[in-house]
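Note sheet for the following structure.
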Amino acid sequence: MKLLIKGGRVIDPANDIDAVMDILIEDNLITAVQADIKDEAATVIDAAAKLVCPGFIDMHVHLREPGFEFKEDIASGTRAAAAGGFTTICCMPNTEPVIDNAAIASFVKERAAKSGIVNVLPIGCITKGQAGKELTEMADLVAAGCVAISDDGKPVSDAAIMRNALDYAKMFDLPVLSHCEERSLSQGGQMHEGYYSTLYGLKGIPTAAEELMVSREIILAGLTDAHVHICHASTMGSMELIRDAKARGIWVTSEVTPHHLLLTDEIVGSYDTNTKVNPPLRSEEHLIALREGLVDGTVDCIATDHAPHHWESKDGEYDLASFGISGLETAVAAVMNGLVNRGLLDVQRLVELFTLGPAEVLGIDKGTLDVGADADITILDPELSKVVEPAKFYSKGKNTPFKGHTLKGWPCMTIVGGNVVARDGRIVEE
């Protein structure tokens, strides 16, 4: 089957393209990117007034399978990703059992091939059982398809273990993804420590809890000459540390989430548990610093940290509720609406942060419209406005603080391997 995407504004940061062009797809691959392609045998997709981009990548997703399928599974999570405009997602290893060996990584790959509708790349654990004591067999994880390692929400507290992990991962060109949290400072915290935590009577999490670990990871990356990636950076101090480290040639990359870019700790005053996330929503000055990091290159990519939860774990007192936001289906529209439409971020940079940025962090052959590349394409309608309705999410997790928000600028088509898997936010059923 041939597809011909006609008349869209093609934005491909990897090839420095931003022009009205056509794209021809044949045998699951991109075969031409140029103006005025004619092919009578192709099915035409009219992309006039749309943005045609390399398939978006989310490198920080919790698919919950195996073990927590009541929260999410690979089938529901990949459909949520497709509806949100993502063609490739990386699943974090905090499953049950955790992805700390080749068998579990292979299970995820095989299940994704059977029930998933977007590309799924597993991330393996740094330590066995996420216990922070003994390194995993990284060679086996790589052979099974893992593209990075992380102990995710359980930070590796032992600096010697992390040093060894970086040394070991360097042999396989694996980025080490670090959840930067000094637990002795964050223990029992519910929100950002500051004015509003005092006002609302909730225990705060200081910025130092993140920044201490960011500092350590940067120092260890410099010591080992290995690649450390800072997950969901949320503070002004983290931005300064990462910016300085990059200037000194240390191999550090970082991501931020849409919710940390768009929401502040003030909204926690509603005591809506959908605002409870780790790291917490920060105050305005931190939000501004993160946005500056997007523009100046301190931040390499935007990632959702998609963390779906069953309603019971969010339906209760704030201090007892689970941390996490279901983000796959709203991420792109939220950033388009909150940053691009307000003139705070160029749309070309937005596309880069969702495509070339994560692809380079992970070292994967995605995020480009090269001729011969997999035909993974995301098409955006910058004029489309919709209200966020969690009840209509494909994700099992309906936990979003964007409920009821009207957002402008949504993905309108998701193409994976030359197949249209989502159209106008709805899945094209097989």
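Worth a mention:
- Elements of the type strands (runs of 3 or more DSSP E) sitting completely within the range 53-161 and holding at least 3 residues that are at pLDDT 95 or above and buried (at least 24 other Cβ atoms within 10 Å of the Cβ): these cover 56-61, 86-91.
- Note on the range 178-196: residues that are in contact with a Gly (Cβ under 7 Å, 6 or more places away or on another chain), part of a loop (DSSP other than H, G, I, E, B) and either over 18 Å from Ile161 (Cα atoms) or not assigned by TED's automatic domain parsing to the domain that holds Gly124 (or both) amount to 3.
- Residue in the range 244-260 that is within 19 Å of Gly338 (Cα to Cα), among the charged types (D, E, K, R), in contact with a Cys (Cβ under 9 Å, 6 or more places away or on another chain) and modelled with pLDDT of 95 or more present: yes
Listed here are the residues, each with its yes/no results for (1) within 20 Å of Ala303 (Cβ to Cβ); (2) among the aromatic types (Phe, Trp, Tyr).
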residue: Asp346; (1), (2): yes, no
residue: Leu353; (1), (2): yes, no
residue: Gly357; (1), (2): yes, no
residue: Lys366; (1), (2): yes, no
residue: Ser385; (1), (2): no, no
residue: Phe393; (1), (2): yes, yes
residue: Thr400; (1), (2): yes, no
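- Residues of the range 192-239 that are among the polar types (S, T, N, Q) and within 19 Å of Gly153 (Cα to Cα): Thr207, Ser215, Ser234, Thr235, Ser238.
- Residue, modelled with the lowest pLDDT, within the range 31-52, restricted to residues that are touching an Asp or Glu at 6+ places or on another chain (Cβ under 8 Å) and of a type in the set (Val, Ile, Thr): Ile37
- Among (1) without any contact (Cβ under 8 Å) to a residue 24 or more places away in the chain; (2) more than 14 Å from Arg282 (Cα to Cα); (3) crowded, with 18+ Cβ neighbours inside 10 Å - the single one Glu193 does not satisfy: (2)
- Scanning the range 1-15 for residues that are over 23 Å from Trp410 (Cα atoms) and either without any contact (Cβ under 8 Å) to a residue 24 or more places away in the chain or part of a strand (DSSP E or B) (or both) yields one hit, Lys2.
- Positions within the range 28-45 being exposed (fewer than 12 other Cβ atoms within 10 Å of the Cβ) and under 22 Å from Asp18 (Cβ atoms), in sequence order: Ala35, Asp36
- Given (1) modelled with pLDDT of 95 or more; (2) surrounded by fewer than 20 Cβ atoms within 10 Å (Cβ to Cβ), index of the condition Pro308 fails: (2)
The values are calculated or read from the model by the stated rules, or taken from the named source; none is laboratory data. These numbers come from a predicted model, not from an experiment. Methodologically, a virtual Cβ is constructed for each residue, glycine included, from the backbone with ideal geometry; neighbour enumeration extends over all protein chains shown.
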